[in-house]
Amino acid sequence: MRIAFQIWRAGPGDAARVLAADVFDAPATAEATARFLGTAGLADPRNILLVADLDGRAVGFVSGTVMDHPDKPRGLFVQELGVNEAAQRRGIARALLAALRAEGRALGCSATWVLTEADNAAARATYAATGATETTGVVLYEWTEAAAR
């Protein structure tokens, strides 16, 4: 039995709904939400936040950013995907990824990519189930900019 859920794209006018959504790793903040979504009249078209509602309550999300570079085709980076534990295994994560990829294609993205931890079996299974191919031999480097001040 399929559970009916709806996916919607958050825009600057949806900040209150995003702030109320209990789907992120930590509570969303007004400042970070405004930076990501943009403000009224100044939406940032590069950032995409899709939210899945089930019975009128947010149960999942996916966020992505369109990336441009002078010598590469436009791509879509999946920043994060999450579905509340009680709503998992209902196809919501796969539907969110499909909707995000469709948004990316509509914006001219020719590829979509994501990073995840090697031991995150659930994420890796989800990405594989949606047709993604795993890349090996890539090493991630990270800088903590707060420490560089």
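A short reminder: the numbers here are calculations on the coordinates, not readings from a lab. Please read these numbers as outputs of a predicted model, since none were measured by experiment. Cβ atoms come from the backbone with ideal geometry, glycine included; neighbour counts cover every protein chain shown.
Of all residues in the stretch 1-30, those being touching a Leu at 6+ places or on another chain (Cβ under 9 Å), under 19 Å from residue 44 (Cβ atoms) and either surrounded by 14 or more Cβ atoms within 10 Å (Cβ to Cβ) or of a type in the set (Val, Ile, Thr) (or both) number 9.
Of the helices (runs of 4 or more DSSP H) lying entirely inside the stretch 9-112, those containing at least 3 residues that are without any contact (Cβ under 8 Å) to a residue 60 or more places away in the chain and in contact with a Gly (Cβ under 9 Å, 6 or more places away or on another chain) span 92-106. Number of residues in the stretch 106-124 that are surrounded by 11 or more Cβ atoms within 10 Å (Cβ to Cβ) and either closer than 14 Å to residue 136 by Cα or touching a Ser or Thr at 6+ places or on another chain (Cβ under 8 Å) (or both): the value is 6. When the stretch 113-134 is filtered for residues that are in a loop (DSSP other than H, G, I, E, B) and either within 17 Å of residue 48 (Cβ to Cβ) or under 15 Å from the mean Cα position of the chain (by Cα) (or both), the ones remaining, listed by number, are 115, 116, 130.
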